[in-house]
Amino acid sequence: MHGLGLSSSIWQGLGYVRALNDHRVITVDLRGHGRSGKPDGPHRYDMAQLADDVAAVLDEVGLEAVTYVGYSLGARIGFSLLDRHPNRMHAFVSLAGAHRLRAGDAEEIFYPGYRDTIEHEGMAGFTARWRAARPDIDAPTTLALSHNDPAVLLALLDVIDTDPGIPDQRLIDTASPALLVTGDEDRVGVRGALAAARLLPNATLVQLSGAGHTDILSRRDDLVSLITDLRRHEPTGASPRR
């Protein structure tokens, strides 16, 4: 599952589908993104609904359970799927994700005043300003962002700002293996991964040296190796590896 403002095409554009060609890969356009429907209003984008959407996709393709891989917002949705439909996950991979988002996280990831840009300059203005602030953002991410509906993006950002997160005790009671991957230069991701790793009983925490929130997906070979090796990992708690 892709992150905020992206789409399933990101996994093709960055070579993940090709690299995982010996696995069955299901990519999803989050509602409001890509080719999925774009309903109006923040109430149509709450985390429970987004997790239920994933469960509905699994029903449609005839899969009872999967290894779920989510990036950023896609990882946050994965935590809700783990909470609401734990039987649908063999294992959970969170890339730069958190079980509880904080007001201000999006501004830290993007840049101060990004909402004003979206409201008054649309996606073209937002993408240009973000690229100026973060010149390391890759071309597939830029292209995906430019195709968003500003109203939908703002609705999702409203949800993120008010999201209460998953209660700690429900994570403590989770049995599924979890791989929590973050870049060591991603303050939002490190904060979220450490908090989840303290709670999930079968979690392995990996920090990729030199990676940030917006460029972690460029570490495709590292991430594909971690994903494909997940089932061979014995749970190791929350000790970071590099």
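Taken together, the values in this text are just the output of simple stated rules run on the coordinates, not laboratory data. If you're wondering where the values come from, they're calculated on a predicted model, not measured in any experiment. Counting neighbours? That spans all protein chains shown, and the Cβs are built from the backbone with ideal geometry, glycine included.
Give me the angle, in degrees from 0 to 90, between the Cα long axis of helix 47-61 and the longest principal axis of the Cα atoms of the chain, rounded to the nearest 10.
70 degrees
Give the dimensionless ratio obtained when the Cα radius of gyration of the chain is divided by 2.2 N^0.38 Å. Intermediate values should be presented prior to the final figure.
On the way: Rg = 16.6 Å, N = 242, 2.2 N^0.38 = 17.7 Å.
Here the answer is 0.94, to two decimals.
What percentages, rounded to whole numbers, describe P(r) for the range 81-176 computed over all alpha carbon pairs with 10 Å bin width beginning at zero?
Percent of Cα pairs in each bin: 13, 37, 29, 18, 2.
For the chain, what is the calculated [θ] at 222 nm in deg cm²/dmol (nearest 500), taking -39500 (n - 2.57) for each run of four or more DSSP H residues and dividing by its residue count? Walk me through the intermediate numbers first.
Numbers: 11 runs with 108 residues, N = 242.
My calculation for the chain gives -13000 deg cm²/dmol from helical runs alone.
I need to check one value: relative contact order of the chain, counting alpha carbon pairs closer than 8 Å and at least 6 residues apart, in percent. Working shown, then result.
Values: 423 pairs, mean separation 51.1, N = 242.
Value for the chain: 21 percent.
Quote the charge dipole size of the range 67-113 about the Cα centre in Debye, to the nearest 20; the model charges only the Cβ of Lys and Arg (+1) and of Asp and Glu (-1). Could the numbers behind the result be given before it?
Details: 5 positive and 4 negative charges, 48 e Å.
Rounded to the nearest 20 debye, it is 240 debye.
Could you work out how far the C-alpha centroid of the range 2-47 sits from that of the range 131-156, in angstrom?
The range 2-47 and the range 131-156 have Cα centres spaced 14 Å from each other.
Can you compute the charge dipole magnitude of the chain about its Cα centre, using +1 on each Lys and Arg Cβ and -1 on each Asp and Glu Cβ, nothing else charged? Give it in debye, rounded to the nearest 20. Please list the in-between numbers first.
Details: 25 positive and 32 negative charges, 95 e Å.
Computed about the Cα centre, the dipole is about 460 debye.
Computed FRET efficiency, Cβ-Cβ of D46 and V25, R0 35 Å: what is it to the nearest 0.05? All intermediate terms of the calculation are to be shown ahead of the outcome.
Numbers: r = 27 Å, r/R0 = 0.77.
Result of the calculation: an efficiency of 0.85.
Using bins 10 angstrom wide from zero, how does P(r) for the range 119-235 break down, in % of all Cα pairs?
12, 31, 35, 20, 3
Please give the FRET efficiency for L143 paired with D116, using the beta carbon to beta carbon distance and R0 = 30 Å, rounded to the nearest 0.05.
Values: r = 23 Å, r/R0 = 0.77.
According to the calculation, E is roughly 0.80.
Working from Cα positions, state the angle (0 to 90°, nearest 10) between the long axis of helix 150-162 and the longest principal axis of the chain.
Taking the Cα atoms of the chain, the angle to 150-162 is about 50 degrees.
Can you give the relative contact order of the range 18-103 as a percent, counting alpha carbon pairs under 8 Å and 6+ residues apart? Show your work: numbers first, answer last.
Numbers: 96 pairs, mean separation 20.6, N = 86.
Computed over the range 18-103, the figure is 24 percent.
Mind checking the angle between helix 114-133 and the chain's longest principal axis? C-alpha axes, 0 to 90 degrees, to the nearest 10.
Around 70 degrees separate the two axes.
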